[in-house]
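The values are calculated or read from the model by the stated rules, or taken from the named source; none is laboratory data. Everything numeric here is computed off the predicted structure, so don't read it as measured data. In this analysis, Cβ positions are derived from the backbone assuming ideal geometry, glycine residues included, and neighbour counts consider all displayed protein chains. Note: accessible area is taken over every heavy atom of the protein model, side chains too, but ligands, DNA and RNA are not part of it. Shrake-Rupley method; radii C 1.70, N 1.55, O 1.52, S 1.80 Å.
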Amino acid sequence: CERAVAMCTHAGSAVIVGGAEAGVPMIQRDSLYGVGGAVRLAAETNAPVLVRQLDPDADVFLDRAMPDAQNISIIPLIAEGEALAVLVAEWGASSKRRVTKPMIELLSNVAGRVALALSNTFLLAEVQRLASVDGLTNLPNRRTFNQAIEREIARSTRTGNPVSLVMLDIDHFKS
């Protein structure tokens, strides 16, 4: 493989990791389906997609990350039946090696393991978010408040700056 990038969508944004541009910007997409082109096909079919060249109109974001890419394999990272991300590998025009079925199977196997780890990371982040906010108001809960107080007192002790706290009690706030 000559070049590779990964594309993942989570919480309404798509992120490309790696590629020609160091900071390929995040794009607002709810899923890999919204990215379009070969990525969409891989996500819809949950199967690897092989293409000779990226279509600059349909594969805008990948084309920006991997300009002039040729002989590309797009491997979906599937967890619980859903494509969470894709691994895009370029084999290049000058490559003497053909992309063989065992190579694609190996990439798919690795992608499956990565997808499981990625899914677990997303679940952990969601559990941490749920543990830190009130379910009704979506405001920080007492646990988050206590952590913030401890952090601010530690910073005050470290820097020597004073710390202040103002509290309000709003009756019947949740009703």
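Among the listed residues Val133, Val114, which satisfies the condition of being open to solvent by less than 80 Å² (accessible area, probe 1.4 Å), at pLDDT 90 or above and of a type in the set (Val, Ile, Thr)? Walk me through how you get there before you give the answer.
Numbers: Val114 fails: at pLDDT 90 or above.
Just one listed residue meets the conditions, Val133.
Any residue at all in the stretch 87-106 that's under 16 Å from Val5 (Cβ atoms), open to solvent by less than 30 Å² (accessible area, probe 1.4 Å) and β-branched (Val, Ile, Thr)?
So the first thing to find is which residues in the stretch 87-106 are under 16 Å from Val5 (Cβ atoms), and the list is 87-92.
If we keep only those that are open to solvent by less than 30 Å² (accessible area, probe 1.4 Å) too, we end up with 88-92.
Those left that are additionally β-branched (Val, Ile, Thr): 88.
Checked against the condition, which is being under 16 Å from Val5 (Cβ atoms), open to solvent by less than 30 Å² (accessible area, probe 1.4 Å) and β-branched (Val, Ile, Thr), the stretch 87-106 yields at least one hit.
If you check every pair at least six apart or on different chains, which have Cβ atoms under 8 Å apart with a residue in the stretch 150-175 that is open to solvent by 100 Å² or more (accessible area, probe 1.4 Å) first and a residue that is hydroxyl-bearing (Ser, Thr, Tyr) and outside any loop (DSSP other than H, G, I, E, B) second?
Listed pairs, sorted by first residue: Pro162/Ser156.
Could you please tell me which pairs satisfy a Cβ distance under 9 Å, a separation of 6+ or placement on different chains, a first residue in the stretch 97-121 that is touching a residue at least 60 places away in the same chain (Cβ under 8 Å) and closer than 14 Å to Glu82 by Cα, and a second residue that is open to solvent by 50 Å² or more (accessible area, probe 1.4 Å) and assigned to a helix (DSSP H, G or I)?
none
Given the conditions (1) out of contact with any Ser or Thr (no Cβ under 6 Å at 6 or more places or on another chain); (2) over 23 Å from Thr9 (Cβ atoms); (3) surrounded by 10 or more Cβ atoms within 10 Å (Cβ to Cβ); (4) in contact (Cβ under 8 Å) with a residue 12 or more places away in the chain, report the number of the one that Thr144 does not fulfil.
Result: Thr144 passes all but (1).
If you go through the stretch 25-58 one residue at a time, how many are surrounded by 14 or more Cβ atoms within 10 Å (Cβ to Cβ) and at pLDDT below 85?
8
Residues in the stretch 131-158 that are assigned to a helix (DSSP H, G or I) and among the hydrophobic types (A, V, I, L, M, F, W, C): how many? It would help to see each step written out before you state the result.
Restricting attention to the stretch 131-158, the residues satisfying the condition of being assigned to a helix (DSSP H, G or I) are 131-132, 142-158.
Next, from what is left, pick out any that are among the hydrophobic types (A, V, I, L, M, F, W, C): 131, 145, 148-149, 153-154.
Residues that pass the stated criteria total 6.
Are any residues in the stretch 66-116 of a type in the set (D, E, K, R) and in a strand (DSSP E or B), and if so, which ones?
Start the filter on the stretch 66-116 by keeping residues that are of a type in the set (D, E, K, R), which leaves 68, 80, 82, 90, 96-98, 101, 105, 113.
Residues satisfying the conditions are Glu82, Glu90.
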